[in-house]
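See below for the structure under consideration.
The values are calculated or read from the model by the stated rules, or taken from the named source; none is laboratory data. What you see is a predicted model; the values in this text were computed from it and never measured. Using ideal geometry, Cβ is built from the backbone for each residue, glycine included, and neighbour counts are taken over all protein chains shown. Remember, those area values only see protein heavy atoms, side chains included, never the ligands or the DNA or RNA. Shrake-Rupley method; radii C 1.70, N 1.55, O 1.52, S 1.80 Å.
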Amino acid sequence: MSGKLKGKGGLEGYLEAFKRFQNGAGGPSWLRDVRQAAIQRSAELGFPTVRDEHWKFTNLAPLAKKTFRAASGGGKITLDDVAPFVFRGQESARLVFVNGRYVEELSDPCAQPGGVIACSLAQSLGTHKELVEQHLAKHLDYERDFFAVLNTAFMADGGFVYVPARALVQRPIHLVFGTTKTSSPVVTHPRNLIMVGEAAEAAIVEEYVSLGGDEYFTNAVSELVVDEGAVLEHYRVERESERAYNIGTVRVQQGRGSNVTCHGVFLGGALVRNNMHPVLAGEGAECVLNGVFMPRGRQHIDNFMWVEHASPHCGSRQYYNGILDDKASGVFSGRIIVHKDAQKTDAKQTNRNLLLSDEAQMDSKPQLEIYADDVKCTHGATIGQLDDEAIFYLRSRGIAAETARTLLLFGFAAENLERMREEPIRRYVEDLVTGRLPRGEILKKLS
Amino acid sequence: MLEIKNLHVSVEGRKILKGFSLKVDAGEVHSIMGPNGSGKSTLASVLAGRDGYEVTQGQVLYRGRDLLEMEAEERACEGVFMAFQYPVEIPGVGSIQFLTAALNAIRKHRGEEELDAFEALKLFKDKVKQLHMSDEMLHRSVNEGFSGGEKKKNEIFQMAVLEPSLAILDETDSGLDIDALRIVADGVNALRSPERAMLVITHYQRLLNYIVPDYVHVLVDGRIVRSGGKELALHLEEHGYSWAGERDPAAPAGASA
């Protein structure tokens, strides 16, 4: 690495940081090559601007201008701090990452039958390097996805999950990424590699949370490689500090007849980008993207769906509901790409939004790109307020107007929550969502 | 219990009720019959507290208090219940959650102890059984995907749970098949009591075969044009609403205080 790289605006800091990152030299040599190619590509791409079609509604200037120090792990986090991260009624494996680094003392990977592996990516580079090399950074979009590429340049740690063929993960695997209070803003690049073998089944939760951190940047990437006939229930819970930046990219590679559901709950962050990129590569694969986002204050949450149908007889569903309050803004951009050979594609997309204030703003944009001729693609988007008739119905039964509104807001989000099949996880997420609703505590008494 | 005096109501500047008067005592069942557009649903909506109705004249006293001054939820807490002509579907809000919230709001208002989730569920199941309904609806979102008949039954079930003092049934019979009509009527009849008054609003005499009223009033063009006993309904069925309107335009005895 010559150090002659010149980055476009905003990238100088990252290029400097890359030098301090030993020019990507940690770990096996192939990994160094991947990282170096990635920093090169990052420099070429530069931070996207609103002139970029894919970033039209999200202004990254505040993020690009800000200097973030590479996080160095650590932070004084105790077991008590991570005690709330449990799914009541369900034993789960928990891997805790603090400021981007795996912390063994806070984690409980718990042994699972069937040869299931859940450990940190850093560990896996030593213990399971063939498995890692097979898939790590193999499926990303180097053409357009700046943040995934930047993550690749700096990737060092994150969750590694390997589920061998026909194995069933009995305890959900919970990956918790926390950022602590730091003297100056830090950036982390969590990198997850999740491999689910043929006809195997797994439930995995990624959670991004502030552990005292205020202004910081999480740039996460998850690669989900799901083999033939496998079933994966994937959850992403984003509840960063409301001054934090969170850019998360989930790239799903699906084999024949596989079934993947990606749930997302987006509550925190000043600026959040949720990149979902499933590729239905094998015939008859099914994918559901189910999410709820609830920005308030001046939060901005941008959901960017990029669903590729690459084989025949695949089905995809996108269900995203947004509740926006105060001066918050949201984006839903749902692109469905049907490749030439992907006949009999059945793709559907709905995005419903509630605006709770006059100043909240939502941009919803469906995009269909269809190159096959025998397909069924539908999309629908609504942006509106709570239904007055429903409020009156509840009030006419004695329920105070404020409570009625809370119930209806919960009902709106519940449409998404109900799709979460793992009940203890659903309850966990439900609690987080209710906690975010005005007067949400009253709901606790009713169930 | 309820005294409506010379009520005039406009909707979007259009006069709908034009001097409606009615007195209902505890223990009585009054039926308001009238053709489409006569003001039946407006009456129900005004009594329940729906927005968008302008009272330009008149007064409504409920147990001596000015009903029109109360918010919709306060009316419900004070014992007024309206069975909707078109019950609203509320996806994502569970029936149990909804009804527990309603029941406890009313109990709290009455100074009674709130029920916990377990007690509430037991009560709901008992009521469902008494009404010969299926408890399957308890486990669904409020009215979501219900048939017309199921929605109306659900209204009666809610009424049975909330035990109002004044029940207003707004065309609860419309769109019901015979079986559903019977279940609905049985539910209403089971709630008849000396302490409770009912206002049964309907277009057709059919419902009154099952819910026999003490008084029948004919509403035409925003006013009661004729009042009488249950036989008035039969007469009306035979001769039509035009008959009632032509023969006796003055509000007769029993219709006003």
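Here are the numbers for this structure:
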quantity: Criterion (open to solvent by less than 30 Å² (accessible area, probe 1.4 Å), more than 7 Å from every other protein chain (Cβ to nearest Cβ) and within 30 Å of A:Thr345 (Cα to Cα)) met by exactly one of A:Ala372, A:Ala404, A:Ala381, A:Ala360; calculated: A:Ala372
quantity: Where B:Ser95 falls short, out of the listed (1) more than 9 Å from chain A (Cβ to nearest Cβ); (2) under 20 Å from the mean Cα position of the chain (by Cα); (3) surrounded by 17 or more Cβ atoms within 10 Å (Cβ to Cβ); (4) not basic (Lys, Arg); calculated: (2)
quantity: In the range B:46-67, residue nearest to the other protein chains (Cβ to nearest Cβ) [restricted to those that are surrounded by 17 or more Cβ atoms within 10 Å (Cβ to Cβ) and of a type in the set (A, V, I, L, M, F, W, C)]; calculated: B:Ala48
quantity: Failed item, numbered, when B:Glu54 is tested on (1) more than 20 Å from B:Glu237 (Cβ to Cβ); (2) in contact with a helix residue (DSSP H, G or I) (Cβ under 7 Å, 6 or more places away or on another chain); (3) in contact (Cβ under 8 Å) with a residue 24 or more places away in the chain; calculated: (2)
quantity: Any hit, the range A:409-423, residues being surrounded by 17 or more Cβ atoms within 10 Å (Cβ to Cβ), part of a loop (DSSP other than H, G, I, E, B) and within 11 Å of chain B (Cβ to nearest Cβ); calculated: no
quantity: Residue count, the range B:1-14 (criterion: open to solvent by 50 Å² or more (accessible area, probe 1.4 Å) and over 11 Å from B:Arg223 (Cβ atoms)); calculated: 4
quantity: Odd one out for A:Gly212 among (1) buried (at least 18 other Cβ atoms within 10 Å of the Cβ); (2) at pLDDT below 95; calculated: (1)
quantity: Test: residue in the range A:432-439 that is in contact (Cβ under 8 Å) with a residue 12 or more places away in the chain, within 27 Å of A:Gln170 (Cβ to Cβ) and away from chain B (no Cβ under 13 Å); calculated: yes
quantity: Meets criteria (outside the structural domain of A:Val231 (by TED's automatic domain parsing) and over 30 Å from A:Leu437 (Cα atoms)) for A:Val288; calculated: no
quantity: Residue satisfying condition, being touching a residue at least 40 places away in the same chain (Cβ under 8 Å), more than 21 Å from the chain's Cα centre (by Cα) and over 23 Å from A:Gly212 (Cα atoms), within set A:Arg51, A:Arg69, A:Arg88; calculated: A:Arg88
quantity: Failed condition for B:Leu123, given (1) farther than 30 Å from B:Glu231 by Cβ; (2) open to solvent by 20 Å² or more (accessible area, probe 1.4 Å); (3) touching a strand residue (DSSP E or B) at 6+ places or on another chain (Cβ under 9 Å); calculated: (3)
quantity: Those residues of the range B:206-232 which are among the basic types (Lys, Arg), surrounded by 21 or more Cβ atoms within 10 Å (Cβ to Cβ) and in a loop (DSSP other than H, G, I, E, B), in sequence order; calculated: none
quantity: Subset of the range B:136-151 (residues that are without any contact (Cβ under 8 Å) to a residue 60 or more places away in the chain, within 19 Å of A:Arg397 (Cβ to Cβ) and open to solvent by less than 70 Å² (accessible area, probe 1.4 Å)); calculated: B:Met137, B:Leu138, B:Arg140, B:Ser141, B:Val142, B:Asn143, B:Phe146, B:Glu150
quantity: Qualifying residues in the range A:97-114 (those that are in a helix (DSSP H, G or I) and in contact (Cβ under 8 Å) with a residue 12 or more places away in the chain) - the one nearest to A:His189 (Cα to Cα); calculated: A:Leu106
quantity: Residue check, A:His313 closer than 27 Å to A:Asn259 by Cα, surrounded by fewer than 24 Cβ atoms within 10 Å (Cβ to Cβ) and not acidic (Asp, Glu); calculated: yes
quantity: Residue count, the range A:31-62 (criterion: buried (at least 20 other Cβ atoms within 10 Å of the Cβ) and either in contact with a strand residue (DSSP E or B) (Cβ under 7 Å, 6 or more places away or on another chain) or of a type in the set (Ser, Thr, Tyr) (or both)); calculated: 2
quantity: Any hit, the range A:178-189, residues being farther than 25 Å from A:Asp81 by Cβ and polar (S, T, N, Q); calculated: no
quantity: Residue count for the range A:239-253, restricted to those that are touching a Gly at 6+ places or on another chain (Cβ under 6 Å) and either among the β-branched types (Val, Ile, Thr) or crowded, with 24+ Cβ neighbours inside 10 Å (or both); calculated: 3
quantity: Any chance B:His109 is over 16 Å from A:Lys444 (Cβ atoms) and within 14 Å of another protein chain (Cβ to nearest Cβ); calculated: yes
quantity: Search result, residues across the range B:155-181 that are within 21 Å of B:Ser95 (Cβ to Cβ) and of a type in the set (Asp, Glu); calculated: B:Glu155, B:Glu163, B:Asp170
quantity: Cross-chain or 6+ apart pairs with Cβ under 6 Å, the range A:269-297 first and under 17 Å from A:Gln343 (Cβ atoms) and in contact (Cβ under 8 Å) with a residue 60 or more places away in the chain, then among the acidic types (Asp, Glu) and part of a strand (DSSP E or B); calculated: A:Val279/A:Glu308
quantity: Filter result (of a type in the set (S, T, N, Q) and open to solvent by 40 Å² or more (accessible area, probe 1.4 Å)) within the range A:339-349; calculated: A:Gln343
quantity: Which numbered condition A:Asp302 misses (of (1) buried (at least 24 other Cβ atoms within 10 Å of the Cβ); (2) within 14 Å of the chain's Cα centre (by Cα); (3) under 21 Å from A:Val205 (Cβ atoms)); calculated: (3)
quantity: Residue list for the range B:68-84, restricted to those being more than 8 Å from chain A (Cβ to nearest Cβ), in a loop (DSSP other than H, G, I, E, B) and surrounded by fewer than 20 Cβ atoms within 10 Å (Cβ to Cβ); calculated: B:Met70, B:Glu78
quantity: Qualifying positions in the range A:424-447 - among the polar types (S, T, N, Q) and surrounded by fewer than 17 Cβ atoms within 10 Å (Cβ to Cβ); calculated: A:Ser447
quantity: Flag for A:Ala220 being on the phi > 0 side of the Ramachandran plot and of a type in the set (A, V, I, L, M, F, W, C); calculated: no
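Residues checked against (1) without any contact (Cβ under 8 Å) to a residue 40 or more places away in the chain; (2) under 20 Å from B:Ala197 (Cα atoms); (3) within 14 Å of chain A (Cβ to nearest Cβ); (4) among the aromatic types (Phe, Trp, Tyr):
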site	(1), (2), (3), (4)
B:Lys5	no, yes, no, no
B:Glu12	no, no, no, no
B:Glu28	no, yes, no, no
B:Leu99	no, no, yes, no
